[in-house]
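Since every read-out is calculated from the coordinates, none of them should be taken as a lab result. Just so you know, these numbers come straight off a predicted model, no measurement behind them. Here the Cβ positions follow ideal geometry from the backbone for every residue, glycine too, while neighbour counts run over all protein chains shown.
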Amino acid sequence: MSELGFQTSGRVRHRRGRGCVAVLVALAVIGGLGVVAVIKGRALLSDAFSVPDYTGSGQGQVVVQIEQGESSTDIADTLEQKDVVKSAEAFTRAARNDSRALSIQPGYYRLREQMAAKNALGLLLDPESRIMDRVTVPEGRRVSQIVSILSDKTKIPESEFEQALKDPSSLGLPKYARGKAEGMLFPATYDVDPGTTAASLLGDMVKRHNQVSAQLGLTDGTAQSDFDPLQVVTVASLVEAEARRPADFPKVARVIYNRVAKNQRLQLDSTVHYATNRYDTPSTTRAERANPSPYNTYVHPGLPPGPINSPGERALRAAIRPAEGSWMYFVTVNPDTGETKFATTLPEHERYVRQFQNWCRAHSDRC
């Protein structure tokens, strides 16, 4: 008898227990089916949002060019077309997950066919994959010397550089250059990709000159106000040829400006070397100093008509911002060490000249 007065039996209780078990079993089955559905659903979603991608590091070799300004999407399209990656989207996703992808540089790269997208990205980020040479042009070299350096390193014939120089408008020369490349080919280290031409390399050097000159204020009115930009570059080329020690660059520039201001001839051996196409000795002969070339500052007062070499940033900076001083003369008394002495009077300068002459007597094979 239950507490409510109903008759109960063990049989009834037994049936109730079996019913509970059945319910639990049913719930378990339903739960299991739910788990299976979730797993299958996830698989279906994964299949729906996955993209075709190769596996592994690929095979063979493919040369791919990345151009200036290309986005990761542009690069991805190129890689798919070259069969480097199976789909552009696979590469785009790999790039999206790696912030270094923003640092991919333009140029030519050695990749492989059928690579996993992440591996293709890895090679584009590896400097060893980039195909290029580098050529360094030192400061103070003339156009003729620069052409020889570039041709020797790049194996582009000198005739192609000479032909490019005949079309100055294609090089991007500044207006003040007056169509001449002398002094406008900035000395620096340049990357040389497989697609580089004589004209494009010279154009890069001019572009670099324009950039540095603008940064230093050559063309915005902050340079020497009494001199036009070509004259300032010309002064810089003289400084590059004459000064040896960094501290002397602004002082040499000041001597040049002081002498020009007083209409005194500069009497620089470097200009005679340029006029006579020499650059192998620190001195000149009497006959050479009589050369009538307009570049000969022993004969003609003022600046030469244009630069005599390609000055670097240090020389340009000195020409734009010379030192303050009243020096009218300078002479390098020891070409080996570059020791240079500055003077305000002629007698003082002549004493320093004698020191240089003593050095020449001790090194007669070099003067």
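Computed from Cα positions, the angle between helix 72-81 and the longest principal axis of the chain comes to roughly 80 degrees. Remark on the stretch 183-283: hydrodynamic radius 15.6 angstrom, per the Kirkwood mean of 1/r across alpha carbon pairs. When only Cα pairs under 8 Å and 6 or more residues apart are kept, what is the percent relative contact order across the stretch 229-366? Rounded, it is 30 percent for the stretch 229-366.
Per 10 Å bin, what percent of the C-alpha pairs of the stretch 176-216 does each bin hold, from zero upward? In order of increasing distance, the bins hold 27, 54, 18, 1 percent.
Normalised radius of gyration (Cα atoms, divided by 2.2 N^0.38 Å) for the stretch 133-216: 0.99. What is the stretch 195-254 by shape, rounded, prolate or oblate, if you read a ≥ b ≥ c off the alpha carbon gyration tensor as root eigenvalues and call it rounded for a/c under 1.5, prolate for a/b larger than b/c, and oblate otherwise? It is oblate, given that a/c is not under 1.5 and a/b is not larger than b/c. Taking the C-alpha atoms only, the angle from helix 198-216 to the longest principal axis of the chain is near 80 degrees. Normalised radius of gyration (Cα atoms, divided by 2.2 N^0.38 Å) for the chain: 1.83. Each residue in TYR109, TYR190, TYR176 was given a count of other beta-carbon atoms within 10 angstrom of its own, and listing them fewest first yields TYR176, TYR190, TYR109. Each residue in ASP204, ASP83, ASP126 was given a count of other beta-carbon atoms within 10 angstrom of its own, and listing them fewest first yields ASP126, ASP83, ASP204. Taking all Cα pairs closer than 8 Å and separated by 6 or more residues, the relative contact order of the stretch 88-141 comes to 38 percent. Each of PHE161, PHE356, PHE227 has some number of other Cβ atoms within 10 Å of its Cβ, and from fewest to most they run PHE227, PHE356, PHE161. Here the alpha carbons of the stretch 229-366 define both size measures, Rg and Dmax, at 14.0, 41 Å.
Modelled this way, with points 7 Å down the Cα-to-C-beta line, the labels at ASP336 and ASP83 are 6.6 nm from one another. Placing R0 at 25 angstrom, the Cβ-Cβ distance between ASP191 and LYS166 gives a FRET efficiency of 0.50 after rounding to 0.05.
The spacing between the stretch 76-96 and the stretch 309-367, judged by their C-alpha centroids, is 60 Å.
Sort out for me the Cα centre separation of the stretch 135-173 from the stretch 269-293, rounded to whole Å. Spelled out, the Cα-based centre of one part sits 24 Å from the other. Tilt of helix 143-154 relative to the longest C-alpha principal axis of the chain, in degrees (0 to 90, nearest 10)? It works out to around 30 degrees.
For the stretch 59-131, the extents of the C-alpha atoms along the principal axes are 27, 23, 17 Å, listed from largest to smallest.
Using a cut-off of 26 Å between alpha-carbon atoms, which lysines can reach LYS153, once sequence neighbours fewer than 8 places away in the same chain are excluded? Output for LYS153: LYS166, LYS180, LYS207. Treat each spin label as a single point 7 Å out from the Cα along the C-beta direction, and report the GLN355 to SER103 distance in nm. Modelled inter-label distance: 4.9 nm.
Take every pair of alpha-carbon atoms less than 8 Å apart whose residues are at least six positions apart; their mean separation over the length of the stretch 132-215 yields a relative contact order of 38 percent.
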